[in-house]
1. Scan segment A:75-99 residue by residue and report those that are touching a Gly at 6+ places or on another chain (Cβ under 7 Å) and either closer than 11 Å to residue A:131 by Cα or hydroxyl-bearing (Ser, Thr, Tyr) (or both).
2. Can you name every residue in segment A:283-305 that is under 12 Å from residue B:55 (Cα atoms) and more than 9 Å from every other protein chain (Cβ to nearest Cβ)?
3. Could you check, for segment A:248-255, whether at least one of its residues is within 14 Å of chain B (Cβ to nearest Cβ) and under 25 Å from the mean Cα position of the chain (by Cα)?
4. Please note which strands (runs of 3 or more DSSP E) are completely contained in segment A:176-263 and include at least 2 residues that are buried (at least 19 other Cβ atoms within 10 Å of the Cβ).
5. Taking the criterion of being in contact with a Phe, Trp or Tyr (Cβ under 9 Å, 6 or more places away or on another chain) and assigned to a loop (DSSP other than H, G, I, E, B), would at least one residue in segment A:157-168 satisfy it?
6. Just to be sure before I move on: is residue A:103 out of contact with any Asp or Glu (no Cβ under 8 Å at 6 or more places or on another chain), assigned to a loop (DSSP other than H, G, I, E, B) and in contact (Cβ under 8 Å) with a residue 12 or more places away in the chain in the structure I sent?
7. Could we say that residue A:268 is part of a helix (DSSP H, G or I), under 16 Å from residue A:181 (Cα atoms) and more than 10 Å from chain B (Cβ to nearest Cβ) here?
8. Please indicate, with yes or no, whether at least one residue in segment B:51-63 is β-branched (Val, Ile, Thr) and more than 7 Å from chain A (Cβ to nearest Cβ).
Amino acid sequence: MIQRLLGMLSADMAIDLGTANTLVYVKGRGIVLNEPSVVAIAEVKGKKQVLAVGDEAKQMLGRTPGNISAIRPLRDGVIADFEVAEEMIKHFIRKVHNRRSFASPQVIVCVPSGSTAVERRAIQESAESAGARRVFLIEEPMAAAIGAGLPVTEPTGSMIVDIGGGTTEVAVLSLGGIVYSKSVRVGGDKMDEAVIAYIRRAHNLLVGESSAERIKKEIGSACPPEDGEGRLMEIKGRDLMNGVPKELLISERQISESLTEPVSAIVEAVKVALEHTAPELSADIVDKGIVMTGGGALLTNLDHVLHHSTGLPVSVADDPLSCVALGTGRCLEEMKTLRNVLLTAY
Amino acid sequence: MVQRKRKRLLIVGGETEPPVESPRGNDDGSGVGSLLRAERLRSRFELRDVAKALRIRLPYLEAIEEGRFNELPGAVYAVGFIRAYARYLGLDQADILRRFKEEAAGANQGTELIFPAPLPEGRLPSGAILLVSLIVAVAAYGGWFYLSSLEEAATTRAPAVPVRLSAAVKDAPAVTTILPETTSNAATTAARPSPPVPVELPPPAPSAIASPIPPQATLPPAPPPPPRLAPVPAPAPAPALTLAAPSAPPPPAAPSFADSNAIPAAPESVGGNTPRLYGEVNIDSRVLIRATAESWIQVNDAGGTIVFMRTMKQGDSYMVPPRPGLFLYTGNAGGLDILVDGRQAPAIGRPGFVRRDVALDPYRLLSGTAVPEANRAKAGGDSGR
């Protein structure tokens, strides 16, 4: 009774605490916040203070003076820097939550399916100390599947591949539960790192993380173009040979080459998941295919590669970036019926 | 109810793979399906080859071409299939998808998510339990209220005789009847061994005449704690035993249990609302207190010993022993009529007033000075009429 009353007063929220982006879904309002998971911390007189969070902090990434550090508190889908993550969640909750209402919100947070109990506990405690009344956790593949609109509760197998910033989650779902899930710590970040490494190796040019991400988004591709070099892009960085800033032209073919390793890791994870799937569910998956969500699904031709390597039809969900947040939000809206998918320590 | 709803939804979900429907179909030739088919025919592809290349089942591709989107496994898959097909044919994927979404608009995009729940055990829904218990509670309260209002009316008329007391009535009829008929009656009562007759010990009051049955005086040897009804003094047994002992004070030694039965039995045994006369033994009494309303009175002698104490019902009267130095203490001064030699004395107070130490002296009562001055002042200075 009291819970319901508090629920009416507070704006309950679902948080997709991703490695790259944090999305906040507020009950009844939809996704209200989508910002990079970056916090800029300034050290003033030996005391650390939050300078900026989100978009603003992301612009500082890699461009900070000595007393400021732009930190990404999440690595590989889980909290790496506990305090900073807490500050970030607090900031986002405060930004979204109506401060006039005195009831603190109920919060659902996504966790990778492969996360350990300690990591889950860390995320839950961060959210609690950030001002949440109650914290529920949901496994990312389930949230993504609900958000993508898969019939997860029906007695038919569905396969979802959620390629996030830090992790790739491959899961087979049926009857409202996860039958098999595999989480590999390969995602957008690993692709960026691969791009950086490739450019350094092939062109002796060092580019920053942000630049690498931009390159991946613009001309990244999972497989080389059929003919020619594909799209071209000018990239800027520091020449490793003589240390001066340098600009050069890079092609889609080169980037696709650099992305071979993370892409094959993802494909491998999908194959392993398929291998471990029960035959009845395999039959369902053969019929319907695989659904991809997450930012990684936007990588050009990734569905094509997956389709060829698995021989299954591959569909990319609508608005793959917000699938997880939408699915988590749906759990929030339909708390009563979808309660079973939530993990809680209470 | 919830269960029924869920079942219905499950059936719906099971029979028709829900999400995508085509409100318009492709009969007009402008649908996504016909567009794709036209493009395929133009490129001279066989649908079977397309299915093989895309690894999409032939029935699904046929359904897409014929606009039967509800035969596809789900909205998200439909989008994926159409996109793949469009790409295979070299069409603009975004445009085809936009058209498809327009066509399938109105059809619900969301998937019904109904989790398989364990069958509920045969229990009443909590709502029904609450409702029923509420109704029962209200009915019980209403019944109680109604009965208690009836009961209240009854009690005002006649107080029920407690079982214990009525038993005592049966056991000791002679004692229980207040009527102090004769000494012989009392003597027979006293002679009875089974219900030990209450006998006062040698009364301390000087005016009291010794009991005519001295051997019985030692009868209550056991000194149990005063019985519950002990506050009621023993005026009743006193007249029953001693004809001229009007003011038998309560025995200093507590009466035995038998006494406790007998004492209250005397005043309370006579039920009904017939007016009763107390202190009838005081034949030469000059002062008569008659209750016009229920009022509690207590008559003390000068030494503070209680001579008479009870709640008088309307119409009850008490003949005050003809002794000097008696004082009246009442809780309802206005509910008493005091008659001195048959003449109405001035009222001692208004209804509801407590009066203490009203001197039961005939002259003072008649002159209206019976109520002490201090008492009168405290009670609001109201005594006369």
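1. Selection gives A:90, A:93.
2. A:285 - this is the single residue of segment A:283-305 that is under 12 Å from residue B:55 (Cα atoms) and more than 9 Å from every other protein chain (Cβ to nearest Cβ).
3. Within segment A:248-255 (the criterion being within 14 Å of chain B (Cβ to nearest Cβ) and under 25 Å from the mean Cα position of the chain (by Cα)), the answer is no, since none of the residues qualifies.
4. A:177-184, A:232-239
5. no
6. Judged against the criteria, residue A:103 is a match.
7. For residue A:268, the condition - part of a helix (DSSP H, G or I), under 16 Å from residue A:181 (Cα atoms) and more than 10 Å from chain B (Cβ to nearest Cβ) - is met.
8. No, segment B:51-63 contains no residue that is β-branched (Val, Ile, Thr) and more than 7 Å from chain A (Cβ to nearest Cβ).
The values are calculated or read from the model by the stated rules, or taken from the named source; none is laboratory data. Keep in mind that this is a model prediction, so the values were computed, not measured. Note that each Cβ is placed from the backbone with ideal geometry, even for glycine, and that neighbours are counted across all protein chains shown.
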